[in-house]
1. Residues to consider are SER120, SER132, SER54, SER58; find the one that is hydroxyl-bearing (Ser, Thr, Tyr) and under 14 Å from the mean Cα position of the chain (by Cα).
2. Residues of the stretch 84-100 being touching a strand residue (DSSP E or B) at 6+ places or on another chain (Cβ under 9 Å) and more than 15 Å from VAL55 (Cα to Cα), which ones?
3. Might you let me know whether the stretch 134-151 holds any residue that is touching a Pro at 6+ places or on another chain (Cβ under 6 Å) and free of Cβ contacts under 8 Å to residues at least 60 places away in the same chain?
4. Would you please name the residue that is modelled with the highest pLDDT, looking only at residues in the stretch 55-73 that are farther than 14 Å from ARG20 by Cα and outside any loop (DSSP other than H, G, I, E, B)?
5. For a quick check of your reading of the model, give me the residue pairs whose first member lies in the stretch 29-53 and is closer than 12 Å to CYS78 by Cβ, whose second is polar (S, T, N, Q) and loosely packed, with under 13 Cβ neighbours inside 10 Å, with beta-carbon atoms closer than 7 Å and at least 6 apart or on different chains.
6. Just to be sure before I move on: is LYS115 of a type in the set (D, E, K, R), surrounded by fewer than 16 Cβ atoms within 10 Å (Cβ to Cβ) and in a loop (DSSP other than H, G, I, E, B) in the structure I sent?
7. Is there a residue being closer than 30 Å to LYS149 by Cα and either in contact (Cβ under 8 Å) with a residue 12 or more places away in the chain or touching a Pro at 6+ places or on another chain (Cβ under 9 Å) (or both) anywhere in the stretch 58-71?
8. Being in a loop (DSSP other than H, G, I, E, B) and either among the basic types (Lys, Arg) or touching a His at 6+ places or on another chain (Cβ under 6 Å) (or both) is the filter here; which residues of the stretch 8-27 pass it?
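The values are calculated or read from the model by the stated rules, or taken from the named source; none is laboratory data. Model, not experiment: these values are computed from the prediction. As a convention, Cβ positions derive from the backbone with ideal geometry for all residues, glycine included, and neighbour counts pool all protein chains shown.
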Amino acid sequence: MCEVACADFHYTAISPKLARIRVAKIEDIGIDVAIACVGCAEKPCLDCPTEALSVQASGEIVVDKDLCTGCMECVNACPIGAVGFHDDHPLFCDLCGITPACTMICPTEALVFEKKEQPSLEEFLEIEGSPSQKRVHYANVQAEPIRKKWMEGWRLGP
């Protein structure tokens, strides 16, 4: 749902490929982890050969489409695989301007938008692989505390 809400907001299309948020499925425990740009402290994506990327006052990364050559260096540089790519340009979460569409549509309120300090993704910087492989690795790390709780018998609901 979050991917569709994002794509609809930006392109009025129903296509997860157009979303600026990605969902990694962890099949063995049945958890889906939503991944979008977290505005990390390191920002390896900003090492753009054409300087087409900038950081706005509210923290989101913006692409200057006139400068972007579609080289995908920023897509591959993201340590958690959060940058998408469509129509020869990277797709960064831009918070939908004010309130992210993904947070408004989430039926379980698992997605929320909170202004926080820039998290460090240093532990993920050396991870090799494609953006989708990096996304899965990050999702597994994020899901580990939930996995441990489930192994201890914790469940949602009454």
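1. Checking each option against the conditions leaves just SER132.
2. Once the filter is applied, which keeps residues that are touching a strand residue (DSSP E or B) at 6+ places or on another chain (Cβ under 9 Å) and more than 15 Å from VAL55 (Cα to Cα), the stretch 84-100 yields GLY84, PHE85, HIS89, PRO100.
3. no
4. That would be GLU73.
5. If the second residue must be polar (S, T, N, Q) and loosely packed, with under 13 Cβ neighbours inside 10 Å, the pairs left are CYS40/SER120; GLU42/SER120.
6. Considered against the rule, which asks whether it is of a type in the set (D, E, K, R), surrounded by fewer than 16 Cβ atoms within 10 Å (Cβ to Cβ) and in a loop (DSSP other than H, G, I, E, B), LYS115 comes out as yes.
7. no
8. If the condition is that a residue be in a loop (DSSP other than H, G, I, E, B) and either among the basic types (Lys, Arg) or touching a His at 6+ places or on another chain (Cβ under 6 Å) (or both), then ARG20 is the only one that fits.
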